[in-house]
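Shown next, in structure tokens, is the structure this report addresses.
The values are calculated or read from the model by the stated rules, or taken from the named source; none is laboratory data. If you're wondering where the values come from, they're calculated on a predicted model, not measured in any experiment. All Cβ positions, even for glycine, are placed from backbone atoms using ideal geometry, and neighbour counts span all protein chains on display. Heads up: the accessible areas ignore ligands, DNA and RNA and are worked out on the full protein's heavy atoms, side chains in. Shrake-Rupley method; radii C 1.70, N 1.55, O 1.52, S 1.80 Å.
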Amino acid sequence: MTSNLSPSIFTHLASGQQIEKTVKALHAHGIRVVVCETGEQASKCVLELIPNGATVYDLPSRTLEMIGLSEQIERATRFQSVRVQAAALDHTTKRNKIRKLIAAPDVLVGSVHAVTEAGEVLIASASGSQLSAAACGASKVIWVVGTQKLVGTLEDGLGRIRDYCLPLESERMQRAYGQLSAVSAINKLLTITAEHKPGRITTVLVKQQLGF
């Protein structure tokens, strides 16, 4: 399948009308939505949604990094960072424990790659390590999403992932690991069309270009 949209369209912030339409569709599918003007407001909103004493896994996310939320989660004292817990464990002998921590945190915080006007949410992954928590493992899921990630249709969302997100993620990996062979892949793709437990998922839409 080939997208008919130019990659440049995926950097444009959504219009008020598109945001309103998407919010209504998400609500209809059992997904709570909060709309914020800035990343600072979004970060504050997310922290307020996290219960005291919860275990919190913040996914590797350019969006969370840009608004300083990853650092705030990992330095928090009123709840427990899964990333900090996992870093303290031996990744050879405690691999299974780390897997379980990541798969079933109390709260998952991250972002997604696309949200359609019909209320479909798309997350792509090379390893799939974050998908089980998003699908059902986490008791609460919070996504922070810049409104440039809102698209018209499911086909547009898949095109956004393939034509825009994947090349940028591969570039990021090459810079991080210093080798051209370090490229990402869309090995696993999660599409959420509805949440059977209303309120489990909260999408924080931000009227800023965040992440890719």
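Remarks
- Note that the range 100-109 has calculated 3J(HN,Hα) couplings of 5, 4, 6, 6, 9, x, 5, 9, 10, 10 Hz, one per residue in order, obtained from phi through the Karplus relation 6.51 cos²θ - 1.76 cosθ + 1.60 (θ = phi - 60°); glycine and proline are x.
- The residues neighbouring Ala76, those whose beta-carbon lies less than 15 Å from its own, together hold a net charge of -1 under the Lys/Arg +1, Asp/Glu -1 convention.
- Under-26-angstrom lysine pairs by C-alpha in the chain, whenever the two are 8 or more apart or on separate chains: 29
- As a rough guide to protection, the peptides 192-205, 137-150 ranked by mean Cβ packing within 10 Å, highest first, stand as 137-150, 192-205.
- Selection of trypsin sites (Lys or Arg not before Pro), the range 12-115, meeting DSSP coil and at most 10 other Cβ within 10 Å: Arg75, Arg78
- Solvent-accessible area per residue in the range 37-123 equals 50 Å², computed with a 1.4 angstrom probe and all protein chains kept.
- Selection from Asn187, Leu210, Val144, by position along the positive dipole direction of the chain (Cβ): Asn187
- Spin-label model, Thr93/Ser127: points 7 Å from Cα along the beta carbon direction are separated by 2.1 nm.
- Stokes-Einstein, applied to the Kirkwood radius of the chain over Cα pairs at a viscosity of 1.567 mPa s and 4 °C, places its translational diffusion at 74 µm² s⁻¹.
- Rounded accessible area of Glu48 (nearest 10 Å², 1.4 Å probe): 130 Å²
- Surface composition of the chain: carbon plus sulfur atoms contribute 52% of the solvent-accessible area (1.4 Å probe, protein chains only, all chains present).
- One Cα centroid belongs to the range 103-155, the other to the range 15-68; the line between them spans 11 Å.
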